[in-house]
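Chemist: First the structure, which I've put down as structure tokens, then a few questions once you've had a look.
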Amino acid sequence: MSLGEPLPVLSSPVLLEWGEVLHASGHATGWRYQAFDVSYEQRRALVIGGPLLAGITAAVTAGANRRARQEAERRAVPQWHPLGQLQLLATNYRLLVLHDGTWASVWYDAIRQVRPAMAEGRVELIFEDDAPYELVGSWVPYLTVVLTTVLAERLGTAAVAAVLLV
């Protein structure tokens, strides 16, 4: 693709919507920034014996519960979680992502920010009402070009400049 040329139109391995065309296909390693719902079991102890044994048992149980709660809180903090290797299809409407054997749609209209790091082969996609994605791989810079080209065609270059954080 040279400067000023339209994006290529490829044959799609999946059924697309009316008017939708495939512009690029590739693979990347995916990450998602999200918290997990974490639960933990609070221990209870039945004590038979004197006050000394009851006190020791209560202290040990409280310590175990505190550690379990702290571990659950640590795991529940939002952080980047790996999605593994993803197959990606970039169309004129959306990014199709194959994860765990199922295709998911990432609609371009939902993207609020695009944070590319071209030299690192990385792009972060920020959404208004959903957890961010990060895609990493040698194909990702080309995906970023396709994504910003499609957004510019749909929204205009001023709108793309507003969402593109370099």
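Each reported figure results from applying straightforward, stated rules to the coordinates on display, with no laboratory input. Remember, it's a predicted structure, so these values are computed and weren't measured experimentally. For neighbour counting, all protein chains shown are included, and Cβ atoms are generated from backbone atoms with ideal geometry for every residue, glycine included.
Chemist: Looking at the stretch 79-122 only, could you name the residues that are on the phi < 0 side of the Ramachandran plot, free of Cβ contacts under 8 Å to residues at least 60 places away in the same chain, surrounded by 12 or more Cβ atoms within 10 Å (Cβ to Cβ) and not in a strand (DSSP E or B)?
Modeler: Residues satisfying the conditions are Tyr108, Ala110, Met118.
Chemist: Considering only the stretch 123-148, state which residues are crowded, with 18+ Cβ neighbours inside 10 Å and assigned to a helix (DSSP H, G or I).
Modeler: Passing the criteria: Val140, Leu143, Thr144, Val146, Leu147, Thr148.
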